[in-house]
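What follows is one structure encoded as structure tokens, with my remarks underneath.
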Amino acid sequence: MKQAWGLVVLALFAAVILFAVSASDRVALPRWPNAIFGAGSSDLDEIILLYGVFPRAAVAILAGAALGLSGALLQQLLRNPIADPSTLGISAGAQLAIVVATLFFPQVLDGSRTVVALAGAGSAALVVFALGWRSSFEPVTMVVSGMLVGVTAAAFSAALTLAQGEYLMSLVTWNGGSLSQQDWGVPKELATELVVAMALSALVIRPLLVLGLGDESARSLGVDLRWIRLCVAVLATSLAGVVAANVGLISFVGLAAPAFVRGCGVHRPSTNLALSPLVGGLFLWLCDGAVQVFSGATGETFPTGSVTALVGGPILLWLLPRVRSIQSQDANRATTRRIHFGKGLSILLAIVPVVVVLGLFFGNDGKGWLLLSYADAADLSSWRWPRLLAAAAAGGLLALTGAILQRLTSNPMASPEVIGVSGGAGLGFAAVVTLVPNGGPYSLVGGATIGGLATMAVVLAFARRKTLPSEKLLLAGIAVSSLSSSVLAILMAAGDQRSWQILAWIGGTAASATPGTSIVLSGIAILLLVASMTLIRWLTLLPLGQSTSQSLGVPIGTSRVVVLALCGLATGAASVLVGPLSFVGLIAPHIAVRAGFATARDHLVASFLLGALIMAFADLGARTVTFPYELPLGLFAAMIGAPYLIWLIGRR
């Protein structure tokens, strides 16, 4: 414990040194007293020091303290060590509200920015808490629900930002968390909010202590569970919303600060609530100091919030074994009916010609919907059939991956988006864009595939641990995905052509598909579907649980490695086209199970075909609904799938 607190002192010393170095680059240290105490100094550098550099440091400390307190409150309330505004989707809700207001209602932001952010954060928190209510706020359910709400909000934010190019860099910088200041207005507001929040937190410490004993014990001691949960949730959400309104998205500070305090040996909730703001403020100040020194040396400007997320991913992985687990449930539980495979397959295949005809002949000329003549369709076929084929192949790959992951983890919410493979594919895509700016589509496919496989290698480190419950693989994937997202945010903040390319990829588009790339992608899809058929026995026995499947001869570690490697390859190839946020990997397997495709073979084949059909329809809608403008393909698929997924979690 002494070593841990010695590390705090060392971090404080480092933060002070970094601040002094970055500030002295603007104004030499001997001139600081004149800048601070001089009456109306006219020196520009001294004015910037007094009204820019000093307020920025104050904002870093106060925002970090507010997020640290918010995370400590949420973790104590939910008895969940990985709860914080970012993992529960609260920060993403505030982000979406600010983006919408900036683009469509800019007049609302004048004097009401905090209200807008609070409305977005509160709406996201309401959805997540409502989804977790039926499972008694079980940690895995809460975090997966928060992730779904968060990535949905992030998808809409990215698409809206991409559609309004004049706001691109300002919104990208804000989304990454910018602490730059021009006066002392924001520090004063944050200080006021923090003082009020700490006073209110002192009033709820005793009920929170009782709540930590369990719901039944709390009720027997006279605690009104609904009232205390509402009060604490509103308080934590308000803190996160105020920070988001003033400085943008700062990820994982609320996760890192309470975790470090507990790692120092502090187990009393009251002490944790008191120390987490101090550690959070120091953590964010230290990160911001490092960002400023690095920016001064290289000339590049990076958002501080993205740098904090680089630390948050490893912390989430470290905390993973400490998360309470539930008994795994079969993702593919018995349905009320079971359809004959041949009959069901015939129905799906009968829909294929309909999709092909619509994709080739249906369109919008800006005045209304129409069916093209054969001659017009023939003229456009060289442009339409490659994107139709590529979209279908990508949808089939993602749906196949989702079905495999749901059976592997026995968790109905597993998908490429959740398990972290899509985030890794994004890193590979960004690496190719950065290092090989003139690379063609094949280099992008290769980079995304390698990134997906590399990310999966990290998740495999957890998959090989036989003592780790399968559902915790989801949390490992979320941690890796968050780490990947932070790197993408840093690259987008550079402000060059890479920002457009990465942001466009996040939304997904089939417009870049060529005859060659579409044929290659469809070939990969068929090969991986055939390869998945060789894993039917494993995927039939793994949902029965580790003990049962191992007793029946399934090599747990090897099976997970092989299956997840196939998933990494499939997701890497598909993500180049549709981006990381399509949700097809979640939607199609659920529809297949509900339609009666219950066995492993039936489930995989039906999911593949359904995913291909859904993504083909999504491509049709993306290019026609807002003609002559094209919606991002991944966003359009998410618009179809997100309401279904939220409804599904609410039922289960």
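The values are calculated or read from the model by the stated rules, or taken from the named source; none is laboratory data. These numbers were taken from a predicted model, which means no experiment stands behind them. Every residue, glycine as well, gets a Cβ built from its backbone with ideal geometry; the counts of neighbours run over all protein chains shown.
The sole residue among Ser70, Ser91, Ser22 that is farther than 30 Å from Leu160 by Cα, of a type in the set (S, T, N, Q) and surrounded by 15 or more Cβ atoms within 10 Å (Cβ to Cβ) is Ser22. Annotation: Asp288 fulfils all but one of (1) modelled with pLDDT of 85 or more; (2) in contact with a Cys (Cβ under 7 Å, 6 or more places away or on another chain); the unmet one is (2).
Ile506 meets the conditions (1) under 23 Å from Leu249 (Cα atoms); (2) among the aliphatic types (A, V, I, L, M); (3) modelled with pLDDT of 80 or more in every case but one. The failed one is (3). Filtering Thr336, Thr271, Thr304, Thr298 for residues that are modelled with pLDDT of 85 or more and hydroxyl-bearing (Ser, Thr, Tyr) leaves a single hit, Thr271. Among the criteria (1) at pLDDT below 80; (2) closer than 30 Å to Thr141 by Cα, the one Ala72 does not fulfil is (1). Look at the range 355-377: where a residue is without any contact (Cβ under 8 Å) to a residue 24 or more places away in the chain and a partner is part of a strand (DSSP E or B) and aliphatic (A, V, I, L, M), sitting 6+ places away or on another chain with Cβ atoms under 7 Å, you get Phe361/Leu371. Taking every residue in the range 75-89 that is assigned by TED's automatic domain parsing to the domain that holds Ala124 and at positive phi and pairing it with any residue that is surrounded by fewer than 24 Cβ atoms within 10 Å (Cβ to Cβ) and part of a loop (DSSP other than H, G, I, E, B), at least 6 positions away or on another chain, yields no pair with a Cβ-Cβ distance below 6 Å.
Quick one: how many residues across the range 214-237 are more than 34 Å from the chain's Cα centre (by Cα) and among the polar types (S, T, N, Q)? The total comes to 2.
Of the helices (runs of 4 or more DSSP H) lying entirely inside the range 533-581, the ones with 3 or more residues being not hydroxyl-bearing (Ser, Thr, Tyr) are found at 536-541, 556-578.
Of all residues in the range 118-135, those that are modelled with pLDDT under 95 have Cβ atoms under 9 Å from Cβ atoms of residues that are among the aromatic types (Phe, Trp, Tyr), 6 or more apart or on another chain, in Phe129/Phe137.
Residues are listed down the side, and each one gets a yes or a no for (1) assigned by TED's automatic domain parsing to the domain that holds Gly428; (2) among the hydrophobic types (A, V, I, L, M, F, W, C); (3) surrounded by fewer than 19 Cβ atoms within 10 Å (Cβ to Cβ):
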| site | (1), (2), (3) |
| --- | --- |
| Ile519 | yes, yes, yes |
| Gln546 | yes, no, yes |
| Thr558 | yes, no, yes |
| Val561 | yes, yes, yes |
| Ala570 | yes, yes, no |
| Gly585 | yes, no, no |
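Just give me the residues in the range 214-253 being in a helix (DSSP H, G or I), small (Gly, Ala, Ser) and at pLDDT below 85, in sequence order. Result: Ser217, Ala218, Ser220. For the range 114-140, a residue qualifies if it is outside any helix (DSSP H, G or I) and not hydrophobic (A, V, I, L, M, F, W, C), and the qualifying residues are Arg134, Ser135, Ser136, Glu138.
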